[in-house]
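Trainee: Below you will find the structure I want to go over with you.
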Amino acid sequence: MNQVNSESAAIAADRLRITEIFCSLQGESRSVGWPTVFVRLTGCPLRCGYCDTTYSFHGGQWQTIDDIVAEVRSHGVRHVCVTGGEPLAQKRCIPLLQKLCDAGFEVSLETSGAIDISPVDSRVICVVDVKTPGSGEASRNHWPNLALLQPKDQVKFVICSRDDYDWSRAVLQEYRLAERCEVLFSPSYAQLPPRELAEWIIADRLPVRFQMQLHKQLWGEEQGR
């Protein structure tokens, strides 16, 4: 390989395809309400029925890791959320997470739970979905991820129906998730009335946190907020 091709390969290896970078309030997870910079990576191998970010499946712009970190820093907030799509579908997501941690940010990763999280920097807060049957992608769950969760991490179930709730409750118990990290149960937006899910959790005294998407309460379906 000549020098020009070597340099081009090195540049390409340091880039990720980015759908958007923006500052808003965190709408989910333990850091809900904090001003947060969202780095949304392009692409996802899943097709969940309730997905609200299908616009991130394709397109995007290539950016170097250093440029991404610089853009994040320009927003002047402490919290950063790397999301998608499925961010781990891009291999360079791993060094991006490390660079953001090295820069002093509190970094969270929102991942579908379909890809191995073991390479993720230990400083990163992993928010791992467990895909319910109602998502249409339950077969894609990478179950070994659950054994890797630490107290700083969170695991999230998006509940579409009573069947989803019963299934999620069984997974919660089988894997003793509440002993490992914080567990979030969320109603699927416009599919399950939030009050129903809240009442089921209360009736069963489940050791989970009920969660609604703050950003959708504030801005509805508007994206990039």
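Trainee: Any idea how many residues of the range 194-225 are part of a loop (DSSP other than H, G, I, E, B) and either within 20 Å of the chain's Cα centre (by Cα) or modelled with pLDDT under 95 (or both)? So that I can check it myself, show each step before the final result.
Mentor: First, the residues of the range 194-225 that are part of a loop (DSSP other than H, G, I, E, B): 205-208, 211-213, 220-225.
Now restrict to residues that are either within 20 Å of the chain's Cα centre (by Cα) or modelled with pLDDT under 95 (or both): 208, 211-213, 220-225.
Qualifying residue count, the range 194-225: 10.
Trainee: If you go through the range 42-58, how many residues are part of a helix (DSSP H, G or I) and under 21 Å from S139 (Cβ atoms)?
Mentor: Here is the first cut: in the range 42-58, the residues part of a helix (DSSP H, G or I) are 54-56.
From the residues that got through so far, the ones that are under 21 Å from S139 (Cβ atoms) too are 54.
Residues flagged as part of a helix (DSSP H, G or I) and under 21 Å from S139 (Cβ atoms) within the range 42-58 amount to 1.
Trainee: Please work out which residue is nearest to V32 (Cα to Cα), limiting yourself to the range 59-100 and to residues that are of a type in the set (S, T, Y) and in a strand (DSSP E or B). Steps first, please.
Mentor: First, the residues of the range 59-100 that are of a type in the set (S, T, Y): 64, 74, 83.
Subset that is in a strand (DSSP E or B): 64, 83.
Values: T64: 28, T83: 15 Å.
For the range 59-100, the residue satisfying everything is T83.
Trainee: I've got another one for you. Out of the residues in the range 119-153 that are of a type in the set (K, R) and out of contact with any strand residue (DSSP E or B) (no Cβ under 6 Å at 6 or more places or on another chain), state the one that is surrounded by the most Cβ atoms within 10 Å (Cβ to Cβ).
Mentor: K131
Trainee: Quick one: in the range 24-81, which of the residues that are of a type in the set (D, E, K, R) and closer than 22 Å to Q98 by Cβ is modelled with the lowest pLDDT?
Mentor: R30
Trainee: What are the residues in the range 160-178 that are basic (K, R) and in contact with a helix residue (DSSP H, G or I) (Cβ under 9 Å, 6 or more places away or on another chain), if any?
Mentor: First pass over the range 160-178, keeping only residues basic (K, R): 162, 169, 176.
Matches in the range 160-178: R162, R169.
Trainee: Okay, next question. Which one of these is among the charged types (D, E, K, R) and surrounded by 17 or more Cβ atoms within 10 Å (Cβ to Cβ): R40, R47? Walk me through how you get there before you give the answer.
Mentor: Working: R47 fails: surrounded by 17 or more Cβ atoms within 10 Å (Cβ to Cβ).
Exactly one of R40, R47 is among the charged types (D, E, K, R) and surrounded by 17 or more Cβ atoms within 10 Å (Cβ to Cβ), namely R40.
Trainee: Here's something else I'd like to know. Name the single residue that is surrounded by the fewest Cβ atoms within 10 Å (Cβ to Cβ) among those in the range 68-99 being over 19 Å from Y55 (Cβ atoms) and of a type in the set (D, E, K, R).
Mentor: Of everything passing the filter in the range 68-99, K91 is surrounded by the fewest Cβ atoms within 10 Å (Cβ to Cβ).
Trainee: Only one of these is of a type in the set (G, A, S) and touching a strand residue (DSSP E or B) at 6+ places or on another chain (Cβ under 6 Å): S24, S56, S74. Name it. Walk me through how you get there before you give the answer.
Mentor: Working: S24 fails: touching a strand residue (DSSP E or B) at 6+ places or on another chain (Cβ under 6 Å); S74 fails: touching a strand residue (DSSP E or B) at 6+ places or on another chain (Cβ under 6 Å).
Among S24, S56, S74, only S56 is of a type in the set (G, A, S) and touching a strand residue (DSSP E or B) at 6+ places or on another chain (Cβ under 6 Å).
Trainee: A further question on this structure: Consider E20 carefully, then state whether it is in a strand (DSSP E or B) and crowded, with 16+ Cβ neighbours inside 10 Å.
Mentor: When the stated conditions are applied, E20 passes them.
The values are calculated or read from the model by the stated rules, or taken from the named source; none is laboratory data. Keep in mind that what you see is a predicted model, and the values were worked out from it rather than measured. Note that each Cβ is placed from the backbone with ideal geometry, even for glycine, and that neighbours are counted across all protein chains shown.
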